[in-house]
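Participant: I'd like to ask some things about the structure below.
The values are calculated or read from the model by the stated rules, or taken from the named source; none is laboratory data. Note that the structure is a prediction, hence the values are computed from the model and not measured. Cβ placement follows ideal geometry from the backbone for every residue including glycine, while neighbour counts extend to all protein chains displayed. Side chains included, ligands, DNA and RNA excluded: accessible areas come from the protein's heavy atoms. Shrake-Rupley method; radii C 1.70, N 1.55, O 1.52, S 1.80 Å.
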Amino acid sequence: MEILGIAGSIRVQSFNRRLLAAARHELPDGVRLAQWDGLASVPPFDEDAEDGPVPAAVAELREAIASATGVLIATPEYNGSVPGQLKNALDWASRPRGASVLAGKPVAVVGASPSPHGAATAQGDLRRVLARAGASVVGEPVAVGQAFRRFDEHDRLLDHELRAALAGVLVELASRVVV
């Protein structure tokens, strides 16, 4: 079973990339996490472009989501919401209307930020966007606040409660997967 991990930040050293790395430590047996790193290459969503050839990065994103048994998105919070590049990619993934790769796909949302709130508002917004796009949003949000002090040198979460919450989300995501 393969879960696709998407970090909502395009920064190489982002806390949310580290959160996906932390998730690898908490995966249930038989589950693998593959990370998709093409977010920076996805062009702005444009309905006029839907009629032409699909941009390569969009095709890669759609294929990665379609072939995964579930998706784990780790989002930061920019100006109190979902980062624009992540929202843009999900807009592309939600199309074409009626044939979205997100339709019925089990998706879990987690987030990390330097603020004490751990991207909680962005996670709520992202869960709403995903549900509107037809995804099956599972699990409770996992908010890793003050992320600069939450990871060890191997990108494992230091806080046992956060680690258990992340593991719980991964178990629930894996249990919702239809194979």
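Participant: Collect the residues in the range 61-81 that are surrounded by fewer than 16 Cβ atoms within 10 Å (Cβ to Cβ) and of a type in the set (Asp, Glu), keeping them in residue-number order.
Facilitator: Scanning the range 61-81 gives a single hit, 63.
Participant: Next question. Among the residues of the range 88-106, is there at least one that is touching a residue at least 24 places away in the same chain (Cβ under 8 Å), surrounded by fewer than 19 Cβ atoms within 10 Å (Cβ to Cβ) and aromatic (Phe, Trp, Tyr)?
Facilitator: Looking for residues that are touching a residue at least 24 places away in the same chain (Cβ under 8 Å), surrounded by fewer than 19 Cβ atoms within 10 Å (Cβ to Cβ) and aromatic (Phe, Trp, Tyr), one finds none in the range 88-106, hence no.
Participant: Return the residue satisfying two criteria in turn: it lies in the range 1-27 and is out of contact with any helix residue (DSSP H, G or I) (no Cβ under 9 Å at 6 or more places or on another chain) and aliphatic (A, V, I, L, M), and of such residues it is surrounded by the most Cβ atoms within 10 Å (Cβ to Cβ).
Facilitator: Checking each candidate, the answer is 20.
Participant: Kindly list, by first and then second residue, each pair from a residue in the range 117-134 that is touching a residue at least 12 places away in the same chain (Cβ under 8 Å) and under 14 Å from residue 87 (Cβ atoms) to a residue that is among the aromatic types (Phe, Trp, Tyr) and surrounded by fewer than 18 Cβ atoms within 10 Å (Cβ to Cβ), limited to pairs with Cβ atoms under 8 Å and residues at least 6 apart or on different chains.
Facilitator: 122/78
Participant: Out of all the residues in the range 126-161, which are within 25 Å of residue 105 (Cα to Cα) and open to solvent by less than 30 Å² (accessible area, probe 1.4 Å)?
Facilitator: 126, 130, 133, 135, 138, 139, 142, 144
Participant: List pairs: first in the range 150-179 and under 21 Å from residue 114 (Cβ atoms) and in a helix (DSSP H, G or I), second at pLDDT 95 or above and among the charged types (D, E, K, R), Cβ under 7 Å, 6+ apart or cross-chain?
Facilitator: 162/150; 163/26; 166/26
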